[in-house]
Every structure is written in structure tokens, then in C-alpha cells.
1. Name the pairs whose Cβ atoms lie under 7 Å apart, with the first residue in segment 244-261 and closer than 19 Å to Val182 by Cβ, the second part of a helix (DSSP H, G or I) and of a type in the set (Asp, Glu), and 6 or more positions between them or separate chains?
2. Yes or no: Val147 aliphatic (A, V, I, L, M), open to solvent by less than 50 Å² (accessible area, probe 1.4 Å) and modelled with pLDDT of 80 or more?
3. Which one is modelled with the highest pLDDT, of the residues in segment 118-141 that are open to solvent by 60 Å² or more (accessible area, probe 1.4 Å) and farther than 30 Å from Gly92 by Cβ?
4. Looking only at segment 247-275, filter to residues that are under 26 Å from the mean Cα position of the chain (by Cα) and either surrounded by fewer than 17 Cβ atoms within 10 Å (Cβ to Cβ) or of a type in the set (S, T, N, Q) (or both); which one of those is nearest to Glu170 (Cα to Cα)?
5. Is it true that some residue in segment 229-246 is of a type outside the set (Asp, Glu), under 25 Å from the mean Cα position of the chain (by Cα) and part of a helix (DSSP H, G or I)?
6. Within segment 184-224, which residues are open to solvent by less than 20 Å² (accessible area, probe 1.4 Å) and either touching a His at 6+ places or on another chain (Cβ under 8 Å) or charged (D, E, K, R) (or both)?
7. For segment 226-246, which positions are open to solvent by less than 20 Å² (accessible area, probe 1.4 Å) and closer than 17 Å to Arg152 by Cα?
8. Only residues that are out of contact with any Pro (no Cβ under 9 Å at 6 or more places or on another chain) and either in a loop (DSSP other than H, G, I, E, B) or open to solvent by 80 Å² or more (accessible area, probe 1.4 Å) (or both): list them for segment 96-108, please.
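The values are calculated or read from the model by the stated rules, or taken from the named source; none is laboratory data. Every value quoted in this text rests on a predicted model; they were computed, and no experiment measured them. Note that we place each Cβ from the backbone using ideal geometry, even for glycine, and neighbour counts take in every protein chain shown. These accessible areas exclude ligands, DNA and RNA; they are computed on the full protein's heavy atoms, side chains included. Shrake-Rupley method; radii C 1.70, N 1.55, O 1.52, S 1.80 Å.
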Amino acid sequence: MVFYAVLIGLSVSSAVIFAGLLLQRLTSRTRRRLKAETRSEITPPRKEKPKEYLPPALVEKCEKKLGINQGSTKVKELRKALIRAGIYSEKGVPVFLGFKLGLALGLPILALPLVLGLLPVALKAPAFLGLMLVGYFLPNFVLNRLVERRQRRIQEGLPDALDLLVVCVEAGQGLNAALKRVGEDLKLSNPALSHELSLVNLEINAGLEREAALRNLAERTGVEDVASLCSMLIQSDRFGTSLSRALKVHSEMLRTTRRQRLEELAAKTPVKLVFPLLLFIFPALMVVIIGPAAIRIMENLK
């Protein structure tokens, strides 16, 4: 029985592989290229229209009622959050909204056997509603965590970037060349900050003013230290002050601020340890210390 099943499976798989190889050979790359060239000589290429699965009027009405049309504030804020999370694709907003809708409908359907089998009748409707809310707000939670993690990486790599900027500027490079060099040097250690600096260089090379490119950098990242750095660079460029000296002062201030933040977190540690001590460690110590004495007292009383 098993031998015949294995034999049939091998024969079917070999037939499928042979058919695939034959089709691949018939539609080779050279033949496809020749066919495309002959077709382009005979008829001009046609622009494919985007597929429309729903009527445009219905789509516009739904977008206006939900507030997710192209120029709405909700879509702008969502796109800004996606950019701060490192998602620059134009399809990020519809994909994100699709995930929210899909999870809001999919989680109750996946948990349907569990809800119908275990929960009582009075809790079925609240359970469905709770799963829908969890599925709807779960992408927002994940997006916020991605934004916070990326901002933390940018903030941690900013002092090293400032030191590299000081070295490049003191070596005689301009600000644009220094930003480009620092972005290239930080590709392995801090890809997020490197990507943001490379975007600044691309905007400047495309014809955008340096002040506008630096303001866009502060807006994209949403990090306070990056915003202060951009404002300092804009002021030094506007008033003609020494750039290397300003970068040194800002680097020292940034390291001082970073040290103060770490000291603040270290000072908060004993307060945060009070609740775990009271809830977990102190009861265990009480059981270990008082447990044997309590057992002996109970034996003596008996």
C-alpha cells in the first residue's frame, strides 16, 4: 500500500517537473524577447489601465466618510508615522489600513470555534467585540513600537555622527560632503541614521535648499536631538559662524544630556524595584524564613 502510494507520488511529481521544464524551454527568454520586439514593431505599446474593482464614485464616498482620502489629515499623520518607522513606500498607507481591516475581521473568525465552544452565551458578543477591537488597534501598537525603536537607534547613534561630522568639517570638507561621508560610514553601525542622512544629500542634490532639507530631516525622524542639531546647523549656515566649533559645543551638550538621562533612569530604578520586591521576592523570603517555624508550631500544637 505504502509502496504504491510512493510510486504514484514520484511518477506524478516527475511528470509535473518534466512539463515545467518543457514549458520553460518553450517560453525561453530569447523567444520572449523576439516576440516582444516583433509585437512592438507591428503595434505600438499600450498603457495598461489600473484595474478598478469597485466603482470610483463609491470609493470616493467611502473615503470621504471614513476620512481616508488622499489629502486628509488622518492619512498625512499616518504617512508621517510610517516614514518615522522607516516605511517609505507609497503603498504603505493602504496596506496598513488593509491590515487593520483584515485583522478586525479575521481575529473573530479565527477564534470562532474557541468562543462558541468555551465561553457562555452572555460573553460571546463581548468576546467578538473585544477581538475586533484588538485586531483593529494591533497595527497601531506595532507601528508605535517600530517608531520608538527607530527613534531610539537614531538618538543612540547621533553622538558618533556628530564626532564624525566634526572630523570631516575640520578636515576641510563642506557640510554637504561631510553629511554624505558620515552617512556612508554609518551604514553598518546605524543604518537608520545613515539612511536619513543619505536622504538629506539626495534632496540637496535634487535642488532643494539645505535649510529645507534639514527641516525635512527633523520632521521625518521626530527626535528632539536631531531637531536641535538641524536648527543649530541652519543658524550657523545663516549667520556664517564657525561650523566645527558649533558642532563641538553641540556634541558636548548632547553627551551631557545623554548622561543626565541615564542618571535619571538609574535614580528611578530603586522606585521601580519596590513593586516586584513586594509582590514576588518578599513573599518567597517570608515562606522560606517563617515556613519551617510555622510547621514546627503546628506540630507542637497537634
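1. Ser244/Glu170; Ser251/Asp163; Leu254/Asp225
2. In short, yes.
3. Residues of segment 118-141 open to solvent by 60 Å² or more (accessible area, probe 1.4 Å): 118-123, 125-126, 129, 132-134, 136-138, 141.
Restricting the remaining residues to those that are farther than 30 Å from Gly92 by Cβ gives 118-123, 125-126.
Values: Leu118: 72, Leu119: 70, Pro120: 75, Val121: 71, Ala122: 75, Leu123: 75, Ala125: 78, Pro126: 81.
That would be Pro126.
4. Residues of segment 247-275 under 26 Å from the mean Cα position of the chain (by Cα): 254, 258, 261-262, 265.
From the residues that got through so far, the ones that are either surrounded by fewer than 17 Cβ atoms within 10 Å (Cβ to Cβ) or of a type in the set (S, T, N, Q) (or both) too are 258, 261-262, 265.
On the way: Arg258: 24, Arg261: 29, Leu262: 30, Leu265: 35 Å.
Ranking the candidates gives Arg258 first.
5. First, pick out the residues of segment 229-246 that are of a type outside the set (Asp, Glu): 229-236, 238-246.
From the residues that got through so far, the ones that are under 25 Å from the mean Cα position of the chain (by Cα) too are 229-230.
Retained after the next criterion (residues that are part of a helix (DSSP H, G or I)): 229-230.
Yes.
6. Glu196 - this is the single residue of segment 184-224 that is open to solvent by less than 20 Å² (accessible area, probe 1.4 Å) and either touching a His at 6+ places or on another chain (Cβ under 8 Å) or charged (D, E, K, R) (or both).
7. The initial filter retains those residues of segment 226-246 that are open to solvent by less than 20 Å² (accessible area, probe 1.4 Å), namely 226, 229-230, 233-234, 236.
Across segment 226-246, the qualifying residues are Val226, Leu229.
8. To start, the set of residues in segment 96-108 that are out of contact with any Pro (no Cβ under 9 Å at 6 or more places or on another chain) comprises 98, 101-102, 104-108.
Matches in segment 96-108: Leu101, Leu105.
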